[in-house]
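Enquirer: Before I ask anything, here is the structure I am working with.
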Amino acid sequence: MDKQELASLLKKLQTELESGQPVDEQLKLQLQTLDQDIQKVLAQGSPLAREADDTTLEDRAQQIEARFATEHPYLASTLRDVMDTLGKMGI
């Protein structure tokens, strides 16, 4: 159930991105990379190793959420839901 919920939240976030205010390219790239990494984790069934700078998916999601909260508040709640679901899944 959590994978389906996460997939649904990611799709909702993508829809909100496409229908809202323009998002700068750096933020969009960060979000796309996060999405790709989440998809890899879901496919592998285990969390990715930490990156060289010791950040996790959750760390990166929190950084992106902080930017959304100030620049695109309509997206922040959906990203928080994604983060909550990742946490429930142990990712």
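Enquirer: Can you give the calculated 222 nm mean residue ellipticity of the chain, where each DSSP H run of n ≥ 4 adds -39,500 (n - 2.57) and the sum is split over every residue, rounded to the nearest 500 deg cm²/dmol? Spell out each step's value before the answer.
Expert: Numbers: 4 runs with 69 residues, N = 91.
Helix-only estimate at 222 nm: -25500 deg cm²/dmol.
Enquirer: Something else: Where nothing but the Cβ of Lys and Arg (+1) and of Asp and Glu (-1) is charged, how large is the charge dipole of the range 2-88 around its Cα centre, in debye to the nearest 20?
Expert: 240
Enquirer: Modelled label-to-label distance, SER19 and GLU71, 7 Å Cα→beta-carbon offset: nm?
Expert: Each label point lies 7 Å from its Cα, and together they span 2.2 nm.
Enquirer: Explain nothing, just the number: relative contact order of the chain, from Cα pairs under 8 Å at least 6 residues apart, as a whole percent.
Expert: Answer for the chain is 41 percent.
Enquirer: Taking neighbour Cβ counts within 10 Å as the exposure measure, how do GLU71, GLU25, GLU16 sort from fewest upward?
Expert: Working: GLU71 13, GLU25 8, GLU16 16.
Ordered by Cβ neighbours within 10 Å, fewest first: GLU25, GLU71, GLU16.
Enquirer: Here's something else I'd like to know. So who's got an amide H within less than 5 Å of the one on VAL23, skipping anything under 5 residues away but keeping other chains? H placed 1.01 Å off N, in plane.
Expert: So VAL23 has HN proximity to no qualifying residue.
Enquirer: Moving on to the next point. Can you give the Kirkwood hydrodynamic radius of the chain from its Cα pairs, in Å with one decimal? Please report the intermediate quantities before stating the final value.
Expert: Working: mean 1/r = 0.0752 Å⁻¹.
Its Kirkwood hydrodynamic radius stands at 13.3 Å.
Enquirer: Turning to a different aspect of this structure: Would you order VAL82, VAL41 from fewest to most other beta-carbon atoms within 10 Å of each residue's own beta-carbon?
Expert: By the 10 Å Cβ count, ascending: VAL41, VAL82.
Read-outs: derived from the displayed coordinates by stated rules, not from any lab. The structure presented is a predicted model; accordingly, all values stated were derived computationally and were not measured. Virtual Cβ from ideal backbone geometry, glycine too; neighbours counted across all protein chains shown.
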